[in-house]
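Structure first, then comments.
The values are calculated or read from the model by the stated rules, or taken from the named source; none is laboratory data. Being a predicted model, the structure only gives us computed values, none of them experimental. Neighbour counts run over all protein chains shown; Cβ positions are idealised from the backbone, glycine included. To get the accessible areas, we keep the full protein, side chains included, count just its heavy atoms, and leave off ligands, DNA and RNA. Shrake-Rupley method; radii C 1.70, N 1.55, O 1.52, S 1.80 Å.
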Amino acid sequence: MLGLIFGNLLPLIVILVIVVVVLSNALFVVKQQHAVIIERLGKFNRIVGAGIHVKIPVIDRKAATVSLRTMKNGFDIDAKTADNVTIGLEVSAQYHVSYEMGAGPADSGVYKSYYMLQQPVAQMRDFITDALRSSIPVYTLDEVFAKKDDIAQDVNATVSEQMDAYGFTLVSTLITRIALPAEVEDSMNQINAAQRTKAAAQDLAEADRIRRVTEAVAEAEAMEKSGEGIANQRKAIATGIRDSLEVIQTTGVSNNEANLLFMYTQWTEMMTEFARTGKSSTVVLPASFKESASMFEQMMAAGEAGEQANVPSMPSAR
């Protein structure tokens, strides 16, 4: 009984297995940001995007799955500058398959990226290398450092046109590092250090010059003000002496006695000021205070002796 039932179901099971196999080969799913190239009997048939699709088993096949995401490729090259320095460049290129569909499938970026070149990434690297080695010799070493972004943009524009024919869009080309020979790098560091030392010395010299000029101007102004002060002081002293003499003369004191009085007063004021502000630890004074007290009498006597010396002597009467 069971054998009869199994025998009746066997054709159905075989049909179901065939249907499952056919469907599994006929249905396929394309991921987001991808495209699949379908060939029919070895010839290009169509390009399908993300989603579920159907193909004829055995007759149709998925020739390639093309990623539409932006990719990155880095590589190193060497080049010679205008001043005959060989430098190493680290280059980074970002690119993706062109999204352009064109007039027909054969004009689309997906089609050209798969069918036009066997190794498109290697070809792109060759284009970039050739463009850089043609651009770098135009610039000196310092200009390469200063204009590396401009150089990379020019190279990117040139290579983009070339790669567009093969279905690729070159997003950007970057020069991420410039490597110098050790001896050249040491020389540049020494030159920069010498330039900074020179600039620092010039700044210090200029600061010292400004300081000296400022001090000289300040000193000149101070001396001018000091001279004006001394002149005013002397003027005031002279005016005071004149006024004092006029007052003293009203008391009947002679001019000579008044002058001696002023001399003694100035001497005592000088000694008082010296005692108040002088820095010396030793002062020479008369041995006796009586001598100091009689200073005025001595000065008077000296003045009288001078006057008598100036008076001619009269002959004595016999």
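Dipole size of segment 12-72 about its Cα centre, with +1 on Lys/Arg Cβ and -1 on Asp/Glu Cβ: approximately 280 debye, rounded to the nearest 20. Averaged per residue, segment 190-237 has 88 square angstrom of accessible surface, using a 1.4 angstrom probe with ligands and nucleic acids left out.
Take peptides 110-123, 58-71 and line them up by average Cβ neighbours within 10 Å, highest first, as a rough protection proxy.
110-123, 58-71
Relative to the 2.2 N^0.38 Å rule of thumb, segment 80-200 has a C-alpha radius of gyration ratio of 1.40.
Provide the packing ranking of 146-156, 94-104, 164-174, i.e. peptides ordered by the mean count of other C-beta atoms within 10 Å per residue, highest first.
Descending packing order for the listed peptides: 164-174, 146-156, 94-104.
Thinking of segment 157-277 as a set of Cα atoms, what percent of all their pairs are more than 25 Å apart? Percent of Cα pairs beyond 25 Å in segment 157-277: 70. Shape of segment 37-136 from its Cα gyration tensor (a ≥ b ≥ c, root eigenvalues): rounded if a/c is under 1.5, otherwise prolate when a/b > b/c, or oblate? Because a/c hits 1.5 or more and a/b exceeds b/c, segment 37-136 counts as prolate.
Extension gain, ALA26 to THR214: 0.36 nm times the residue separation minus the Cα-Cα distance gives 58.2 nm.
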